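Peer 1: The following block contains the structure, expressed as structure tokens.
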Amino acid sequence: MLTRNGDRHVIKISDLFTFEFIDKSPTRCMPLILTRAGKQNQHGRLETAGALRNRRAIICPLGALAFYLFVRWDMTDEPFPDFSQRPAWYDIRLIKGSGKNIDRTSALAYTTQRDWAIKAFSYAGISSHKKTHMGCSSGAKTVELKGVNEEQIRGAGRWNQEQMVGCYLNSLPRQFMRSMAGHPAQLGCFEIRRAGLTPPPILLSMIWPELDRWKDRFGSNLDNGQTNDLAAMGLTNLLFYLREIILQVDILIMSLTIIIIIIIIL
């Protein structure tokens, strides 16, 4: 997403949402959208960034997010968010602070973020003077090598946007997003093979069971009892999508494991 250091460690779950991109691709295209902590561009519009499912499961940002939240809300004592009222969930941090007396609304400290970046770079054998800001510059260079034009890269990094783009056009640079996720840049070519596996509802409900009570609860149809809360609607839609991703990746891993075992036996 070419996010800045200040964006990452203060993100709240209320800054995340999704909606479907309509581009007639083989796979339903549901991007992860991030609003930049309430920040506005020079034209008064909220700044956003987006990421798509990567063709490779091992480096997919949506898969990483899905399993991270799965660990937090299914494998620890942290409860699943309560969407009945905004104060109960709106300020929960995506990456929460650490420490015994730190609650889940406390932001991750910059020093903690930097220390983990240093450990990760050391493990991967990366040498760089930049630590928390490295992703922004390296991401721009990566897509440049893939042939993404300068306008798309500027849009992704929110660098010197022209008035027409900043005021009137959709600020999500779709060619950039597709290229970063390993797909062809043109429309209609978004395809995730593992997404062809449709998990049964009974398995989906085993992940974040509390999520089911919020299905179709939020929207603009007030006559049918919906609550008009765009933030809650966007986040719950994203969570429904993420739990599909968890099972699709698990099924893929199980299938590969079975194939490897069969090859070893034979």
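The values are calculated or read from the model by the stated rules, or taken from the named source; none is laboratory data. No experiment lies behind these values; they were computed from the predicted model shown. SASA here: full protein model, heavy atoms, side chains in, ligands and nucleic acids out. Shrake-Rupley method; radii C 1.70, N 1.55, O 1.52, S 1.80 Å.
Peer 1: Among Glu244, Glu20, what's the order by accessible area (1.4 angstrom probe), most exposed first? Could you put the intermediate results ahead of the total?
Peer 2: Details: Glu244 50, Glu20 90 Å².
My answer, sorted largest first, is Glu20, Glu244.
Peer 1: OK, next. In what order, largest first, do Tyr90, Tyr241 sit by accessible area if the probe radius is 1.4 Å?
Peer 2: Working: Tyr90 75, Tyr241 15 Å².
Listed by decreasing accessible area, they come as Tyr90, Tyr241.
Peer 1: For the full complex of protein chains and a 1.4 angstrom probe, list Lys96, Lys130 by accessible area with the highest value first.
Peer 2: Numbers: Lys96 75, Lys130 100 Å².
Sorted descending by solvent-accessible area, the residues read Lys130, Lys96.
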